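Worksheet: one structure, shown below.
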Amino acid sequence: MKSLKDLYKIGRGPSSSHTMGPEKAAKYFLSAYPDADRYRVILYGSLSGTGKGHKTDEAILDVFDGRKIELIFGSVETKGLPHENTMDFFAYRGESELGRRRIMSVGGGRIVIEGYPELEEKEVYAQNTFQSIADYCMSRNIRIPDYVEENEGREIWEYLCDIWTAMKNAINAGLSTRGVLDGGLGVERKAQYLYNQSHIDESDITKENRLVCAYAFAASEQNAGGGVIVTAPTCGACAVLPSVLKYMQDKKGFTDEQICRALATGGIIGNLVKTNASISGAECGCQAEIGTACSMAAGALCELFDMGIWQIEYAAEVAMEHMLGLTCDPVCGLVQIPCIERNAVAAMRAINALSLANFLSTTRKISFDTVVETMYRTGKDLNSIYRETSRGGLAAIYRHPGS
């Protein structure tokens, strides 16, 4: 598996696969052919279907910065493509083609360049299943964060500290911002409203739900508005993990060091999904994004409360199992409906998984590795209209008043 630095990235929303990935691809191609007279880029699959709503065109055009470029939204069909988020880049001088690259944006801002495997990020972890990691940790009497440090070095803690700071900044920025999100749907920011709706007779559980949701709405609305967030594991699912960690830190007084250790455990869970399945909504539906984020949050919470490794696995498995089949159907191709609310619901579900793991981990029948494989197969079986093309589900049925 690759470094957690390849999973947790600080960047601008609204989509890691549709903005961060294409931006990275454009920068790579421009650096390879800086002296071309003109360029052409063709977007396929989900990038073609929801690229405008996700600002894919803006991300690419900004990189080429006024250079002559033809940007084409090609076929939404994915048959024959190496990935559902595929781009073809061409460079020309006069009538001659200087070069071309086929690049895939595979989720979380990561790109794969066809024919250039040497440009891939290096492998950092030898183990690539939860079972093998658990066996390794138990044989050495260490916890998952210690395993992360062993493979990544002590510098990983400084990186995760920066990640945690960026996560809190996104929440705080979202809580202090009002207004309507761009895109035409008229979606109002609700984080500040939720945060301020306290009542003297509010029960503890109601307060917990309200604050966790306020934090989730805050980070997710920042993402939808093109603000700075952290992929966890993606932009569209960026709010699940930070919202539960902030709530628990505020409530229980956990230190930043403890939070970073929880981020390490959540990161390993996200890495396992990324390695063995997918974190791309275009490839496997929203179960791959929100489902993974929910598993990461559940496992991170277990680490925060010093639970055992099988309790961590159980919580992560429960979180993913009950997201199976979740479709990706963003209305108008925007990361707003149902994406923002979905982050809040998943955050609460992660806390539910923590509670169940505290009591039921010894009764488990399904392993985390099994549910990850199941998610991937389920995602591949989903009709393409439910995989971030905005051609099915809510995206096909919902009509904004006045439209």
Identify the single condition in (1) among the hydrophobic types (A, V, I, L, M, F, W, C); (2) open to solvent by 20 Å² or more (accessible area, probe 1.4 Å); (3) closer than 25 Å to residue 51 by Cβ; (4) outside any helix (DSSP H, G or I) that residue 332 does not satisfy, given that it satisfies every other one. (4)
Number of the exception - residue 135 against (1) modelled with pLDDT under 95; (2) in a helix (DSSP H, G or I); (3) under 28 Å from residue 372 (Cα atoms): (1)
Quick check on my filter: what residues within segment 290-329 are charged (D, E, K, R), outside any helix (DSSP H, G or I) and open to solvent by 20 Å² or more (accessible area, probe 1.4 Å)? 306
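Considering 243, 220, which residue is in contact with an Asp or Glu (Cβ under 9 Å, 6 or more places away or on another chain) and at pLDDT 95 or above? Please lay out each step first, then the result.
On the way: 243 fails: in contact with an Asp or Glu (Cβ under 9 Å, 6 or more places away or on another chain).
Checking each option against the conditions leaves just 220.
Within the group 129, 86, 56, which residue is among the polar types (S, T, N, Q), in contact with a Gly (Cβ under 7 Å, 6 or more places away or on another chain) and within 23 Å of residue 279 (Cβ to Cβ)?
Details: 129 fails: in contact with a Gly (Cβ under 7 Å, 6 or more places away or on another chain); 56 fails: in contact with a Gly (Cβ under 7 Å, 6 or more places away or on another chain).
The match here is 86.
Does segment 85-100 hold any residues that are among the hydrophobic types (A, V, I, L, M, F, W, C) and open to solvent by 20 Å² or more (accessible area, probe 1.4 Å), and which are they?
First, the residues of segment 85-100 that are among the hydrophobic types (A, V, I, L, M, F, W, C): 87, 89-91, 98.
Listed by number, the list holds a single entry, 98.
Scan segment 356-383 for residues that are of a type in the set (Ser, Thr, Tyr), at pLDDT below 95 and surrounded by fewer than 20 Cβ atoms within 10 Å (Cβ to Cβ) and jot them down. Full working, then the answer.
Of all residues in segment 356-383, those of a type in the set (Ser, Thr, Tyr) come to 361-363, 367, 370, 374, 376, 378.
Those left that are additionally at pLDDT below 95: 361-363.
Across segment 356-383, the qualifying residues are 362, 363.
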What are the residues in segment 227-275 that are surrounded by fewer than 24 Cβ atoms within 10 Å (Cβ to Cβ) and outside any helix (DSSP H, G or I), if any? 227, 228, 253, 254, 255
Flag if residue 208 is of a type in the set (Asp, Glu), over 25 Å from residue 303 (Cβ atoms) and open to solvent by less than 60 Å² (accessible area, probe 1.4 Å): no
Of everything in segment 101-125 that's in contact (Cβ under 8 Å) with a residue 40 or more places away in the chain, of a type outside the set (Gly, Ala, Ser) and part of a strand (DSSP E or B), which residue is surrounded by the fewest Cβ atoms within 10 Å (Cβ to Cβ)? 123
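Kindly establish whether residue 171 is assigned to a helix (DSSP H, G or I), crowded, with 17+ Cβ neighbours inside 10 Å, in contact (Cβ under 8 Å) with a residue 60 or more places away in the chain and of a type in the set (Val, Ile, Thr). Break it down into steps so the answer makes sense when it comes.
Details: assigned to a helix (DSSP H, G or I): yes; crowded, with 17+ Cβ neighbours inside 10 Å: yes; in contact (Cβ under 8 Å) with a residue 60 or more places away in the chain: yes; of a type in the set (Val, Ile, Thr): yes.
Yes: the conditions hold for residue 171.
The values are calculated or read from the model by the stated rules, or taken from the named source; none is laboratory data. Treat the numbers as computed from the prediction; the structure is a model and nothing was measured. Cβ: placed from backbone, ideal geometry, glycine included. Neighbour counts: every protein chain shown. Accessible surface areas use protein heavy atoms only, side chains included; no ligands, DNA or RNA. Shrake-Rupley method; radii C 1.70, N 1.55, O 1.52, S 1.80 Å.
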